Ligand code: MLT
Ligand code: MN
Ligand code: ZN
């Protein structure tokens with residue numbers, strides 16, 4: 001299985017257009033060692049020909065240009081993207097669908113019923129796309145036996161409901177539904193190797209922890225370093241967990257959990273907010289991660305399993 005990280009930043013990207021936090025400002029000035037990152041998306045394939053796009057970032061066009069296998073060039077209009085799986089209905093994971101409107105067939109989209117509802121009501125992208133390529137919706141099952149995606153042989157997917165957050169425009173923002181946010185366990189059917197992917201993980205629950213323990217690599221929520229990072233910076237009034245993201249540090253934080261995984265498990269943080277000091281390769285925070293054998297995803301990282 002090939003997993004290509006297309007975009008490793010949280011919503012806003014890095015640097016964020018209107019942000020002058022030490023990271024964004026430092027990157028623009030060239031005064032810190034860090035690389036720019038586009039918004040949250042990965043793509044997976046078994047044969048490097050047929051790809052599943054996981055999340056459609058507003059940066060998807062740039063991401064496709066940066067990763068040539070997504071444009072195999074076999075005919076006048078072509079793409080290597082066979083299907084799109086959505087983890088939630090957030091702006092950073094769905095607005096790229098607008099950019100794919102020229103597709104010659106309806107977009108094959110896999111998402112849960114609550115996400116479909118948000119994308120036809122709160123943020124009616126699916127309705128709009130009816131005027132372009134249209135959408136063929138496949139219900140993402142939240143069942144242990146998982147599902148297969150036609151045209152993408154060799155990979156099996158299992159979606160897990162996660163405790164995170166529906167977007168602000170969701171008709172049920174304050175009435176969480178199972179399936180507002182999901183994580184994915186992706187299995188290579190040839191060798192049984194597994195990748196666990198969860199860019200938005202607000203709380204560790206037994207079924208999630210079980211899936212993480214089964215994985216050979218976990219690619220998980222790296223949004224914020226501390227619970228009050230955004231408040232301390234004056235950028236927001238919300239705690240990390242209020243936004244549906246488990247912070248890396250503190251009791252019950254992501255580092256504590258990752259420390260308890262089996263030793264050979266590869267641990268990678270993704271969906272990193274531009275304020276998070278781990279983006280600075282010379283930061284103390286980055287050193288702490290290294291001492292726990294935790295990696296920081298970057299655009300262009302390829303994980304082979
Ligand atoms: C989030 O995961 O909280 C998002 O990145 C929010 C957004 O895209 O606005
Ligand atoms: Mn996000
Ligand atoms: Zn910033």
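Quick grid of which residues meet (1) within 16 Å of ligand 2 (Cβ to nearest atom); (2) crowded, with 19+ Cβ neighbours inside 10 Å; (3) touching a residue at least 60 places away in the same chain (Cβ under 8 Å); (4) closer than 23 Å to residue 36 by Cα:
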| position | (1), (2), (3), (4) |
| --- | --- |
| 208 | no, yes, no, no |
| 232 | no, no, no, no |
| 236 | yes, no, no, yes |
| 245 | yes, yes, yes, yes |
| 260 | no, no, no, no |
| 291 | no, no, no, no |
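Of the residues contained in segment 279-289, none is found to be part of a strand (DSSP E or B), in contact with a strand residue (DSSP E or B) (Cβ under 9 Å, 6 or more places away or on another chain) and surrounded by 22 or more Cβ atoms within 10 Å (Cβ to Cβ).
The residue that is farthest from ligand 3 (Cβ to nearest atom), counting only those in segment 4-29 that are over 23 Å from the mean Cα position of the chain (by Cα) and not in a loop (DSSP other than H, G, I, E, B), is 29. Within the bounds of segment 212-227, is there any residue that is surrounded by 18 or more Cβ atoms within 10 Å (Cβ to Cβ), in a helix (DSSP H, G or I), more than 16 Å from the chain's Cα centre (by Cα) and in contact (Cβ under 8 Å) with a residue 40 or more places away in the chain? No, because not a single residue in segment 212-227 is surrounded by 18 or more Cβ atoms within 10 Å (Cβ to Cβ), in a helix (DSSP H, G or I), more than 16 Å from the chain's Cα centre (by Cα) and in contact (Cβ under 8 Å) with a residue 40 or more places away in the chain. The set of residues in segment 186-240 being farther than 20 Å from residue 261 by Cα and touching a strand residue (DSSP E or B) at 6+ places or on another chain (Cβ under 6 Å) consists of 189 alone.
Selection over segment 87-121 of residues that are part of a loop (DSSP other than H, G, I, E, B) and more than 13 Å from ligand 1 (Cβ to nearest atom) gives a count of 11. Annotation note: Cβ proximity below 8 Å between a residue of segment 86-98 that is more than 13 Å from residue 110 (Cβ to Cβ) and within 16 Å of ligand 3 (Cβ to nearest atom) and a residue that is outside any helix (DSSP H, G or I) and at pLDDT 95 or above (sequence gap 6+ or interchain) occurs for 92/10; 92/11; 92/12; 92/39; 92/40; 92/55; 92/57; 92/58.
The values are calculated or read from the model by the stated rules, or taken from the named source; none is laboratory data. It should be emphasised that the depicted structure is a prediction, and the values quoted were computed from it without experimental measurement. Virtual Cβ from ideal backbone geometry, glycine too; neighbours counted across all protein chains shown.
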